[in-house]
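J.: Here you go, one structure.
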Amino acid sequence: MRKAVVTGAAGFIGARLSHRLLDTGWEVVGIDAFLDTYDPSEKLARAASLVPRKGFTLATGHLSELSLPQWLDGAEVVFHLAGRAGVRASFALESRYRRDNVDSSARLAAAAKQVPSVRRLVYASSSSVYGDAPLPFAEDAATRPVSPYGTSKLEAERICLAVSGEELEAVALRYFTVYGPGQRPDMGLRIFAEAAWTGRPITVFGDGTQSRDFTYVDDIVDATIRAASARVAGLAINVGGGSRVNLLEVLDLLRQLTGRRLDVRHADFARGDVRHTAADLSRAAQLLDFRATTAFADGYAAEVEWARSAVEDARRSA
Ligand SMILES: NC(=O)c1ccc[n+]([C@@H]2O[C@H](COP(=O)([O-])OP(=O)(O)OC[C@H]3O[C@@H](n4cnc5c(N)ncnc54)[C@H](O)[C@@H]3O)[C@@H](O)[C@H]2O)c1
């Protein structure tokens, strides 16, 4: 059985990746500190769905404190998804972003280098490293992050890629806005879907023409697993959904999917939010043989349906 370590295994993407690895015969050690970045019950529920599965072991703790060589021993691949996510919160919490993203990655990368079984490190980086670069964002473009979150992801990416060599190959994947059922509660698509079902107002920062290259979570998982075995090392690779959608289009789709009128209000642009993101996907196609397969309308329909049942469950238990 091939063994992998998934850091951030109780997170939105890490849990989905862990399930997919278990489904395909991997043994998985999941590491998570259950940070209070959002309601910990969501993370506990994801961990609870993994713990009973054959081949899964949970290591609860922070990457800056755990005895990492012990947990990495015997693993072939380390998928490093643990991180403090979120752009807006990062302005007030710079030192925590540094500890959870930069210092933790440095400690993990050093441990991966030290443990002989580990041959590959796949780091979950972010499109936030680009800032407002020219579209589409190409991996060789200048990186000018505009938030402490983006800066911390870029530093962590450099640290992970710096350990890449013959014994341990490292790849950084720059994920573009990931969505789907179970999405983090601070992310726009989920906030909008929940507001549609509860009748709460929706705040759009700016005029709504800002756009994102939204990427369905199962496509992200697919690219991440490809990066574990592709013949590539020491590089950053974009992973995007392949189409750019603006917020006004998102809200139109949400009206169609729910049949509800939306109470939309506008506020000033939020600090740290870039206007547009779009991934140049040629490197992902060439080196990972990856193309996203989920159209935004289908992926968002799945998330909106998931949000409906979550809102109904919450009503029943209130
Ligand atoms: N969701 C997105 O749109 C997106 C986009 C680009 C990059 N990413 C990156 O992908 C990764 C996963 O994102 P997500 O949306 O699943 O976030 P998430 O917050 O749901 O998951 C991250 C998990 O990591 C854990 N964690 C954080 N720092 C830790 C540390 N130092 N030690 C141990 N555990 C720690 C948290 O408790 C959490 O459960 C993050 O690194 C994020 O920066 C996400």
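J.: Exactly one condition in (1) in a loop (DSSP other than H, G, I, E, B); (2) under 23 Å from Phe176 (Cα atoms) is false for His62; which is it?
T.: (2)
J.: Can you confirm whether the range 79-90 contains a residue that is more than 9 Å from the ligand (Cβ to nearest atom) and touching a Leu at 6+ places or on another chain (Cβ under 9 Å)?
T.: So the first thing to find is which residues in the range 79-90 are more than 9 Å from the ligand (Cβ to nearest atom), and the list is 79, 87-90.
If we keep only those that are touching a Leu at 6+ places or on another chain (Cβ under 9 Å) too, we end up with 79.
Yes, the range 79-90 contains at least one residue that is more than 9 Å from the ligand (Cβ to nearest atom) and touching a Leu at 6+ places or on another chain (Cβ under 9 Å).
J.: Another question, then. Would you mind finding the one in Val217, Val274 that is surrounded by 15 or more Cβ atoms within 10 Å (Cβ to Cβ), closer than 28 Å to Leu173 by Cβ and over 16 Å from the mean Cα position of the chain (by Cα)?
T.: Details: Val217 fails: over 16 Å from the mean Cα position of the chain (by Cα).
Within the list Val217, Val274, the selection yields Val274.
J.: So which of Arg255, Arg283, Arg271 ends up being part of a loop (DSSP other than H, G, I, E, B) and either farther than 16 Å from Ser243 by Cα or in contact (Cβ under 8 Å) with a residue 60 or more places away in the chain (or both)? Full working, then the answer.
T.: On the way: Arg255 fails: part of a loop (DSSP other than H, G, I, E, B); Arg283 fails: part of a loop (DSSP other than H, G, I, E, B).
Only one candidate passes the filter, namely Arg271.
J.: Return yes when Leu50 is modelled with pLDDT of 95 or more and over 12 Å from Val221 (Cβ atoms) and no when it is not.
T.: Values: modelled with pLDDT of 95 or more: yes; over 12 Å from Val221 (Cβ atoms): yes.
So Leu50 passes the test.
For (1) part of a loop (DSSP other than H, G, I, E, B); (2) touching a residue at least 12 places away in the same chain (Cβ under 8 Å), each residue gets a yes or a no:
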residue	(1), (2)
Ala133	yes, no
Ala141	yes, no
Gly150	no, yes
Glu155	no, yes
Ile159	no, yes
Ser164	yes, yes
Ala172	no, yes
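J.: Restricting the search to the range 111-139, which residues are farther than 13 Å from His80 by Cα, in contact with a helix residue (DSSP H, G or I) (Cβ under 9 Å, 6 or more places away or on another chain) and away from the ligand (no atom under 12 Å from the Cβ)?
T.: Gln114, Val115, Ser117, Gly131, Phe137, Ala138, Glu139 - these are the residues of the range 111-139 that are farther than 13 Å from His80 by Cα, in contact with a helix residue (DSSP H, G or I) (Cβ under 9 Å, 6 or more places away or on another chain) and away from the ligand (no atom under 12 Å from the Cβ).
So that you can scan it fast, the table gives a plain yes or no per residue for (1) touching a helix residue (DSSP H, G or I) at 6+ places or on another chain (Cβ under 7 Å); (2) closer than 30 Å to Phe91 by Cβ:
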{"residue": "Thr258", "(1), (2)": "yes, no"}
{"residue": "Arg261", "(1), (2)": "no, no"}
{"residue": "Arg271", "(1), (2)": "yes, yes"}
{"residue": "Ala284", "(1), (2)": "yes, no"}
{"residue": "Ala295", "(1), (2)": "no, no"}
{"residue": "Tyr300", "(1), (2)": "yes, yes"}
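J.: Please count how many residues of the range 3-43 are within 7 Å of the ligand (Cβ to nearest atom), in a strand (DSSP E or B) and without any contact (Cβ under 8 Å) to a residue 60 or more places away in the chain.
T.: 2
J.: Would you pick out the residues in the range 59-78 that are near the ligand (Cβ under 10 Å from one of its atoms) and β-branched (Val, Ile, Thr)? Give the derivation first.
T.: Taking the range 59-78 first, the residues near the ligand (Cβ under 10 Å from one of its atoms) are 59-66.
Listed by number, the list holds a single entry, Thr60.
J.: Can you spot a residue in the range 246-253 that is out of contact with any His (no Cβ under 8 Å at 6 or more places or on another chain) and over 17 Å from Ala297 (Cα atoms)? Can you show your working first?
T.: Filtering the range 246-253 down to residues out of contact with any His (no Cβ under 8 Å at 6 or more places or on another chain) leaves 246-253.
Then drop every residue that is not over 17 Å from Ala297 (Cα atoms), which leaves none.
Within the range 246-253 (the criterion being out of contact with any His (no Cβ under 8 Å at 6 or more places or on another chain) and over 17 Å from Ala297 (Cα atoms)), the answer is no, since none of the residues qualifies.
J.: Moving on to the next point. Report every pair of residues separated by at least 6 positions or lying on different chains whose Cβ atoms are under 7 Å apart, first residue within the range 211-239 and at positive phi, second modelled with pLDDT of 95 or more and part of a helix (DSSP H, G or I).
T.: Hits for this filter: Gly234/Leu161.
J.: Select, from Arg96, Arg53, the only residue that is without any contact (Cβ under 8 Å) to a residue 40 or more places away in the chain and assigned to a loop (DSSP other than H, G, I, E, B).
T.: Result: Arg53 is the single residue among Arg96, Arg53 that is without any contact (Cβ under 8 Å) to a residue 40 or more places away in the chain and assigned to a loop (DSSP other than H, G, I, E, B).
J.: State the number of residues belonging to the range 108-131 that are within 28 Å of Ala141 (Cα to Cα) and either among the small types (Gly, Ala, Ser) or part of a helix (DSSP H, G or I) (or both).
T.: Residues flagged as within 28 Å of Ala141 (Cα to Cα) and either among the small types (Gly, Ala, Ser) or part of a helix (DSSP H, G or I) (or both) within the range 108-131 amount to 10.
The values are calculated or read from the model by the stated rules, or taken from the named source; none is laboratory data. Source: prediction; values computed, not measured. Cβ: placed from backbone, ideal geometry, glycine included. Neighbour counts: every protein chain shown.
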